[in-house]
Amino acid sequence: MTAILKPSALKANPGKVLDEAIQHPQYVNRNGVLLVITKADSVPLGDDALLSPWEQRAKTLEKFYDPATAW
């Protein structure tokens, strides 16, 4: 069974929640918005192997960016 955490649970035990997110997604309900904390893998492909770790992380985060939801 998957539990939906409150922000106070995340704030009280961030390390525990993040450690659990490595194994299984963690869900947090904040003001009616359901947030998912999950592990994202960054695998360099092709020219990405030449990127620094920070650039690889940025490219991984860009995959989650949806211009349709930008403000």
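A short reminder: the numbers here are calculations on the coordinates, not readings from a lab. Quick caveat, the model's predicted, so the values are computed rather than measured. Methodologically, a virtual Cβ is constructed for each residue, glycine included, from the backbone with ideal geometry; neighbour enumeration extends over all protein chains shown.
The table below lists the values:
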quantity: Set 39/59; 6/63; 16/39; 11/39; 16/63 screened for pairs whose C-alpha atoms are more than 22 Å apart; calculated: 6/63; 16/63
quantity: Neighbour cut-off at most 10 other Cβ (10 Å), DSSP loop, trypsin sites (Lys or Arg not before Pro), the stretch 3-45; calculated: 39
quantity: Fewest-first ranking of 50, 18, using other Cβ atoms within 10 Å as the exposure measure; calculated: 50, 18
